[in-house]
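These notes concern the structure reproduced below.
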Amino acid sequence: MSGTIAFQQSIDLARASRIGGNGLPDTAIDAAFAAVGTALARLNAAVEKGELPLVDVAGGSDDLPAIHGAATRFLGASPVTDIVVLGTGGSSLGAQALAQLAFYQVPGLGRRDEPRLHFFDNLDPVTFGITLERLPLDTTRVLAVSKSGGTGETLIQAITLLAKLDEAGLRDRAASLILGLSEPRKDGKAHPLRDLLEPEGVQFLDHHTGIGGRYSVLSNVGLLPAAILGLDIDAIRAGARAVVASLKDGDVHAIQPAVGAALNVAAHLEGKGIAVLMAYTDRLERFAKWWIQLWAESLGKKGLGSQPVGALGPVDQHSQQQLYLDGPRDKLFTVITLDVKGTGPLIDAELAARAGQAGFAGKHVGDFVAAQGLAMTDTFAANGRPVRQIRLQRLDEYTLGALLAQFMLETILTGFALGIDPFDQPAVEEAKVLAKQYLAEGRG
């Protein structure tokens, strides 16, 4: 299984030759593949030179024993009721996408069994304050993640937690309750998160200096929380490794990240300014949020890029379908379906008949969801809306590792093909600096 791509992808229903004039013309798709072929050569050359460590990490395994060891030390021998992860954006969203495999914050399920997991990725004084008051601090473990060490939200959360430990008489246990993950300290330069926590005896794992936060999910940033939850991080990497290995296959039309990139470039050429990702499983809800940041922050530059939109099926068939099918023709759709036929509760025949739905009788809930995903895809196509299909036979660590690698590589190739640097985020830094200034001045 180690060399098998864990999903099937088809762009046939995005082509105008299949769905009509509002699809993507073959001329645009051919031009896009030519541009992506050049981008692929650039990517592979950069990997050969050691200039893209995120690809090396995603395709490797040498660091996995250290991540397993860190997870064991983090949990320790004492009972742990709660795990708190501090971090925002790329320091959190990828880990949350992986955590949904362990049913973290899956819609409808409520809280996960102990240890309860808390991602403080969005700083809100009300919810943060309530949770802090409820946490049993002596049986809570905290992972503080910030690539730069200067992220304002993470620093404020860490400062507040230290103060709470002090109030509870647990300050002397900070070293055993907290673990940091950030870039190494640079000579002669301040490192706010390390400056805050290291005097308390808190140990740090090193965030890879060459991997940006939004590309860090397959590094220890994403895999350490996954290992703490008991997920198979070796399988996550194996799925990613299969996708990375495919970059050397030669035929750009057969390399899945290149196919996805070509579709996106063709959509750009045809003025499709909105990219919609619609997944038909609750456990990919945070995956969509992770992808939104990846896409927006990597490609939204110099007046270019497209607006990413996350949708969840089948619920968003009810909330968004009207716009998608009868609104502006400015969107490219990606529908991800999971093979759920024959799964879930069985629909009682007598009750189905009473409801006037005899066709439901003897079917499983999964049969209905599978039918909805297929129907939505076909409806997009029938209405001239270009749609990409990604089909998952199962959703496990191997598959999710492959999907994460697919969308990261697809994003990089799209940026290269469009002449966009997919790794910087100049517009983000301006607001960060200004927010700290306003806080110090008491403005807001």
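General remarks:
- Selection within the stretch 164-189 - touching a residue at least 40 places away in the same chain (Cβ under 8 Å) and either over 29 Å from Val217 (Cβ atoms) or open to solvent by 30 Å² or more (accessible area, probe 1.4 Å) (or both): Ser176
- Residues being under 27 Å from Ile390 (Cα atoms) and surrounded by fewer than 17 Cβ atoms within 10 Å (Cβ to Cβ) - total across the stretch 340-361: 6
- Scanning the stretch 10-33 for residues that are surrounded by fewer than 18 Cβ atoms within 10 Å (Cβ to Cβ) and within 30 Å of Arg237 (Cα to Cα) yields Ser10, Asp12.
- Residues of the stretch 301-345 that are under 30 Å from Asp424 (Cβ atoms) and touching a strand residue (DSSP E or B) at 6+ places or on another chain (Cβ under 8 Å): Ser306, Gln307, Pro308, Val309, Gly310, Ala311, Asp330, Lys331, Leu332, Phe333, Thr334, Ile336.
- Complete set of residues in the stretch 138-163 that are open to solvent by less than 20 Å² (accessible area, probe 1.4 Å) and of a type outside the set (Gly, Ala, Ser): Thr140, Arg141, Val142, Leu143, Val145, Thr154, Gln157, Leu161, Leu162
- From the options Val265, Val259, Val244, residue that is open to solvent by 20 Å² or more (accessible area, probe 1.4 Å) and at pLDDT 95 or above: Val244
- Of all residues in the stretch 362-381 being touching a residue at least 60 places away in the same chain (Cβ under 8 Å) and β-branched (Val, Ile, Thr), the one that is surrounded by the most Cβ atoms within 10 Å (Cβ to Cβ): Thr377
- Single residue of the stretch 333-353 satisfying the filter (touching a Gly at 6+ places or on another chain (Cβ under 9 Å) and assigned to a strand (DSSP E or B)) that is farthest from Asn383 (Cα to Cα): Leu346
- Number of the exception - Val126 against (1) aliphatic (A, V, I, L, M); (2) in a helix (DSSP H, G or I); (3) touching a Phe, Trp or Tyr at 6+ places or on another chain (Cβ under 7 Å): (3)
- Across the stretch 175-232, the number of residues qualifying as of a type in the set (S, T, N, Q) and either in a helix (DSSP H, G or I) or in contact with a Phe, Trp or Tyr (Cβ under 9 Å, 6 or more places away or on another chain) (or both) comes to 3.
- Matching entry among Ala41, Ala14, Ala6 (being among the small types (Gly, Ala, Ser) and within 14 Å of His268 (Cβ to Cβ)): Ala14
- Against the test of being without any contact (Cβ under 8 Å) to a residue 12 or more places away in the chain, more than 26 Å from Leu312 (Cα to Cα) and touching a helix residue (DSSP H, G or I) at 6+ places or on another chain (Cβ under 9 Å), the options Ala431, Ala358, Ala417 yield a single qualifying residue, Ala358.
- Residues located in the stretch 17-57, provided they are on the phi < 0 side of the Ramachandran plot, in contact (Cβ under 8 Å) with a residue 60 or more places away in the chain and small (Gly, Ala, Ser): Gly21, Gly23, Ala28, Ala31, Ala32, Ala35, Gly37, Ala39
- Candidate set: the stretch 286-330, residues that are of a type in the set (Gly, Ala, Ser) and in a strand (DSSP E or B); chosen: the one surrounded by the most Cβ atoms within 10 Å (Cβ to Cβ): Ala311
- Filter result (touching a residue at least 60 places away in the same chain (Cβ under 8 Å), part of a helix (DSSP H, G or I) and aliphatic (A, V, I, L, M)) within the stretch 242-260: Ala242, Val243, Val244, Ala245, Leu247, Val252, Ala258, Val259
- Considering only residues in the stretch 58-83 that are part of a helix (DSSP H, G or I) and open to solvent by less than 30 Å² (accessible area, probe 1.4 Å), the one that is nearest to Ser10 (Cα to Cα) turns out to be Ala58.
The values are calculated or read from the model by the stated rules, or taken from the named source; none is laboratory data. Quantities reported herein were computed from a predicted structural model and do not represent experimental measurements. Heads up, the Cβs are rebuilt from the backbone with ideal geometry, glycines too, and the neighbour counts pull from every protein chain shown. Note: areas computed on protein heavy atoms with side chains; ligands, DNA, RNA excluded. Shrake-Rupley method; radii C 1.70, N 1.55, O 1.52, S 1.80 Å.
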